[in-house]
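As structure tokens, the structure follows; a few thoughts come after it.
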Amino acid sequence: MVNNQLRTIYAFAREMYPRNTKTQIQYGTAGFRTKATMLDYVVYRMGLLAVLRGRYKKACIGVMITASHNPEPDNGVKLVDPMGEMLEQSWEEWATKIANVPDDQLESVVSEIVKEFKIDNMNERFEVYIGKDTRPSSPSLAEAAAHGVRAIGGKPMDFGIVTTPQLHYFVRCRNSRNEYGQPNEVGYYTKLCTAFKKLRGDGYSNGKYENTIVYDGANGVGAKKVKFLKEVLGDALKIEMYNDEIIGSGKLNHLCGADFVKSQQKFPTGVPNKPNVRCCSVDGDADRLVYYYKDDKDVLHLMDGDRLATLIASYIKEILQETGIDLNLGLVQTAYANGASTEYITKQLKVPVSCVPTGVKHLHHKALDYDIGVYFEANGHGTVVFSKNAKQSLKNEAQSNRKSAEEKRAIAKLLDLIDVVNEAVGDAISDMLLVETILHAKGWDIQEWEKTYEDLPNKLLKVVVEDRNIFATTDAERRLVAPEGLQEQIDALTSKYPKGRSFVRPSGTEDVVRVYAEAASAADVERLGAEVALKVFQLGGGVGTPPEL
Ligand code: G16
């Protein structure tokens with residue numbers, strides 16, 4: 001390790017990004033997330049870590065500045081691994097460690113990492129791709145990341161305001177030596193939209209499907225980026241965009257966006273409330289997507305991540321059968337998945353389902369076990385991953401004489417579908433194009449889509465507690481092991497209600513504990529949710545006013 005380099009790291013830290021707090025911060029579900037004003041030094045240090053990770057993996061690494069669904073004063077940072085996935089879990093501990101040491105110990109932690117991972121060449125200058133969302137705090141944080149990268153001799157490349165999934169995509173493209181696509185926005189839109197238009201053909205409408213979608217941009221980067229998308233798509237898909245307020249308006253995710261619609265189960269503000277119209281919302285950094293409509297009686301009908309997953313998995317299964325190629329297809333969900341969706345997938349679609357803890361990193365990882373893995377969190381975060389084997393078999397069979405013309409048409413369709421998907425991570429824009437492709441192919445309107453199964457009424461609540469770290473879970477977060485006795489109380493409450501199910505887990509992105517409840521009737525779910533929230537408040541150190549029954 002070159003001494004000069006260590007000195008630069010420390011000097012920059014001390015002069016520009018001192019850690020003048022004693023608060024400990026943890027790399028959680030989606031990196032570090034807290035008030036933007038607390039993040040300067042953390043982001044600087046993530047710049048350092050990104051270069052070390054790049055030297056270890058001999059690849060380009062990404063740094064994304066975003067707090068996604070959180071309110072505008074928050075911000076966050078997460079690292080993107082070489083294939084565009086979330087940072088490998090074992091490095092999360094290093095991220096937490098380097099973020100929390102005093103300034104004068106930075107050098108020694110860097111040396112520790114260098115030693116642990118046998119990073120022999122500290123002069124290698126791998127690129128670090130940096131992206132940011134539209135928060136007013138993002139530009140200076142992106143600058144802090146770039147300073148961290150430079151301080152340790154890396155090469156920062158700032159992509160400006162991009163969606164989180166775009167940055168993941170660019171990193172993957174770069175490390176695949178452009179085999180996956182071009183690492184820039186033009187390349188991204190071109191790849192997705194070319195495949196989308198090819199699948200759509202000349203008939204933009206089909207059966208009950210009409211090619212107009214009402215789009216809620218959550219006053220974030222998802223709104224900014226859809227302007228370009230609209231240009232590339234032309235008439236193939238007409239996107240009516242709403243909630244595109246200027247940066248710093250304070251309206252990011254406020255009463256709109258995918259997180260609001262899903263967790264509040266309410267129609268977003270700023271979107272015209274016309275009955276029976278197909279609408280969708282993305283979240284603050286456009287990695288989540290939900291669909292919905294309001295009926296004639298003003299009732300909201302929500303197609304969340306579970307619906308996206310079932311629609312996509314059922315369609316891929318159909319095409320796979322038409323190709324006559326034997327590839328295994330699986331679906332990954334979390335505890336938040338509606339019980340009715342899991343039953344529909346296993347019993348009707350006959351597709352195997354796995355349940356993993358919250359956080360796309362867990363879902364993504366599990367989905368890689370299948371030739372074709374579909375994964376979605378109920379909040380609308382997900383994508384499809386296709387194994388090398390799956391892609392190769394499809395390409396080989398497309399050329400072979402063994403296949404009939406009909407089978408070859410199905411293979412071509414599936415290959416185009418792969419190009420609509422951003423396999424690196426859940427991507428609201430790519431997911432929307434995928435859903436629109438499927439609805440178009442099936443000739444369905446949103447009501448037809450909804451008919452596939454009936455959701456169980458469900459409810460999401462938040463409880464503020466003194467210390468959320470006292471909550472520990474097991475069984476893919478479906479059961480609590482601490483605080484002691486709380487799980488037994490939850491079991492007693494759920495057993496009172498037909499089809500009752502509830503679980504509690506600490507959030508990894510907000511300072512709250514989340515409560516999920518599900519039951520056969522809307523009245524029961526209201527009651528069950530409130531009862532469990534109250535127990536959490538009583539036994540888990542609730543703060544403020546207790547939840548009302
Ligand atoms: C992030 C994660 C998601 C997770 C969500 C909520 O989403 O990427 O996987 O479901 O936070 O996590 P928690 O319940 O632990 O707060 P986003 O869209 O905010 O990046």
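Each value in this text was obtained by applying a stated rule to the coordinates, not by laboratory testing. The structure displayed is predicted, hence computed values, not measured ones. Backbone-built Cβ (ideal geometry, glycine too); neighbour counts: all protein chains shown.
Before moving on, here are some points about what is shown:
- Part-to-part distance (alpha-carbon centres) for segment 151-179 and segment 1-55, which is given in Å: 19
- Once the mean of 1/r is taken over each pair of separate Cα atoms and inverted, segment 31-125 shows a Kirkwood hydrodynamic radius of 13.8 Å.
- Dipole-positive endmost among ALA67, VAL110, GLY153 within the chain (Cβ charges, Cα centre): GLY153
- Bridge type composition, segment 48-182 - antiparallel percent by DSSP, nearest 5: 35
- Of VAL226, ASN178, ALA195, farthest towards positive along the dipole that unit charges on Lys, Arg, Asp, Glu beta carbons give segment 149-236: ASN178
- Per-peptide average of other Cβ atoms within 10 Å, ordering 163-173, 359-369, 474-484, 212-222 highest first: 163-173, 212-222, 359-369, 474-484
- Dipole magnitude for the chain: computed about the Cα centre from +1 point charges on Lys and Arg Cβ and -1 point charges on Asp and Glu Cβ, it is near 1000 debye.
- Annotation for segment 1-53: trypsin sites (Lys or Arg not before Pro) lying in DSSP loop with at most 13 further Cβ atoms inside 10 Å of their Cβ are LYS22.
- Counted charge near ASP40, where neighbours are those whose Cβ lies closer than 15 Å (Asp, Glu -1; Lys, Arg +1): +3
- Ascending count of other beta-carbon atoms within 10 Å, so fewest first, for TYR189, TYR209: TYR189, TYR209
- Beta bridges per DSSP, both residues in the chain: antiparallel share near 60 percent.
- Measure of compaction for segment 187-301 (Cα Rg per 2.2 N^0.38 Å): 1.09
- With neighbour counts taken as other beta-carbon atoms within 10 Å, the residues VAL80, VAL114, VAL465 rank, fewest first, as VAL114, VAL465, VAL80.
- Positive contributions from Lys and Arg (+1) and negative ones from Asp and Glu (-1), summed over other residues with Cβ under 12 Å from the Cβ of TYR453, come out at -2.
- When you filter the trypsin sites (Lys or Arg not before Pro) in segment 381-430 for DSSP loop state and at most 10 other Cβ atoms inside 10 Å of their Cβ, you are left with ARG402.
- Taken over the chain, the ratio of Cα radius of gyration to 2.2 N^0.38 Å equals 0.97.
- Charge tally in the Cβ shell below 12 Å around GLU488, where Lys, Arg are +1 and Asp, Glu are -1, GLU488 excluded: 0
- Dipole axis of segment 479-520 (+1 Lys, Arg; -1 Asp, Glu on Cβ), positive-most option in LEU493, ALA520, PHE503: ALA520
- Put in order of Cβ neighbour count within 10 Å, fewest first, the listed residues SER68, SER249 become SER249, SER68.
- Total charge dipole magnitude, segment 247-334, about the Cα centre, Cβ charges on Lys, Arg, Asp, Glu only, Debye to nearest 20: 400
- Only Lys, Arg, Asp and Glu carry charge here, each on its Cβ (+1 for the first two, -1 for the last two); on that basis segment 432-549 has a dipole of about 180 debye about its Cα centre.
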